[in-house]
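Written below as structure tokens is the structure these notes are about.
The values are calculated or read from the model by the stated rules, or taken from the named source; none is laboratory data. Values in this document were obtained by computation on a predicted structure and should not be read as measured data. Backbone-built Cβ (ideal geometry, glycine too); neighbour counts: all protein chains shown.
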Amino acid sequence: MKYMKRAACLALSAALVASAGIVPLAQAAVPVSASVLEECNSVETPTVESVTALIAQIGDVTLKSGEKINAAATAYAQLDEESRALVPNVAVLIEAQQVFELEQALDQLYIKRDDVEGKTVIAPNKDLVNIRSATVLPCFIYSDNVGLSPLHIVAEYWGKRWVFFKQVIISMDGESYTKSFGNNEVLRDNADGYVWEWAEFNASAEEIEVLRKMAAAEKITIRFKGKERVYDIQMFKKGKQSILDTLHAYELMQNASDTVRAKALAGIR
């Protein structure tokens, strides 16, 4: 009997409790500590009281909370429908799962907090943000007062010579998209013998689709085109993955409540 109980806990029931939107996190390969397993093994059949206690112990959600959330969700999924309705803090479990999923998505990205203005900039991973190169990547801002910004796209050139680009042309497996800019839409700077040119704009629905196509393409060439000079650069695996990661995090942020957003951002600082 002890073996059967342990096996049930380790299996982390894949049952979906559709009415509450709760799914055990077994698919995420969250490690289960001996302490959580011991607690799970101590109860042959989960009860309303034991599930309530498991949810209560989750506490503030961080990237280390996966095993506690998993144990609570697994036990909740094993209750019958009538018992599930009696769990008083099931909303806490649902919110914890949402916060944890968002934290995992944001953890792949570059997060820069501005406490003075109450804003958080979320961009592709730090390796890509800090690299001196040319690229086209999405980003977004979360403001404590205003909420979630539209998805932005930053087109940036860095090099030894000015391009004075007025167009960015993206070629994706032979399909191309062109973005044109006015004279005041491209910002420029220089230091230490290098020059920067960049433009930032809100992504339209068409441009979000272009980002998805970029992430799926085998070959991507980005051209920064000026009146007298062009500069081409290839986008490789890391850049494409960063687009997917940013779009995924933005979609989760769009669907999350302000409370979930704030808790997820606090949990990864």
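One residue is enough: does segment 140-149 have a residue meeting the conditions of a type in the set (A, V, I, L, M, F, W, C), surrounded by 20 or more Cβ atoms within 10 Å (Cβ to Cβ), closer than 30 Å to residue 183 by Cα and at pLDDT below 95?
Scanning segment 140-149, I find no residue that is of a type in the set (A, V, I, L, M, F, W, C), surrounded by 20 or more Cβ atoms within 10 Å (Cβ to Cβ), closer than 30 Å to residue 183 by Cα and at pLDDT below 95, so the answer is no.
Just to verify a result, which residue in segment 66-106, among those that are part of a helix (DSSP H, G or I) and acidic (Asp, Glu), is surrounded by the most Cβ atoms within 10 Å (Cβ to Cβ)?
103
Being closer than 24 Å to residue 99 by Cβ and either surrounded by fewer than 16 Cβ atoms within 10 Å (Cβ to Cβ) or assigned by TED's automatic domain parsing to the domain that holds residue 139 (or both) is true for just one of 199, 217, 191, 262. Which residue is that?
Going through 199, 217, 191, 262 in turn, the sole match is 262.
Can we say residue 136 is aliphatic (A, V, I, L, M), part of a strand (DSSP E or B), free of Cβ contacts under 8 Å to residues at least 40 places away in the same chain and under 30 Å from residue 231 (Cα atoms)?
no
So, in segment 226-259, how many residues would count as being among the hydroxyl-bearing types (Ser, Thr, Tyr) and buried (at least 19 other Cβ atoms within 10 Å of the Cβ)?
Qualifying residue count for the region: 3.
Of all residues in segment 236-268, count the ones that are farther than 13 Å from residue 212 by Cα and of a type in the set (Val, Ile, Thr).
Result for segment 236-268: 3.
Could you say whether any residue in segment 53-63 is on the phi > 0 side of the Ramachandran plot, at pLDDT below 60 and not assigned by TED's automatic domain parsing to the domain that holds residue 262?
Within segment 53-63, none of the residues are on the phi > 0 side of the Ramachandran plot, at pLDDT below 60 and not assigned by TED's automatic domain parsing to the domain that holds residue 262.
Just need a number here: residues in segment 229-269 that are in contact (Cβ under 8 Å) with a residue 24 or more places away in the chain, over 30 Å from residue 118 (Cα atoms) and of a type in the set (Asp, Glu).
Qualifying residue count for the region: 0.
In segment 189-213, which residues are polar (S, T, N, Q) and more than 18 Å from residue 139 (Cβ to Cβ)?
The one that is polar (S, T, N, Q) and more than 18 Å from residue 139 (Cβ to Cβ): 190.
Suppose we keep only residues that are among the polar types (S, T, N, Q) and touching a helix residue (DSSP H, G or I) at 6+ places or on another chain (Cβ under 8 Å) within segment 213-256. Which one would you say is nearest to residue 160 (Cα to Cα)?
242
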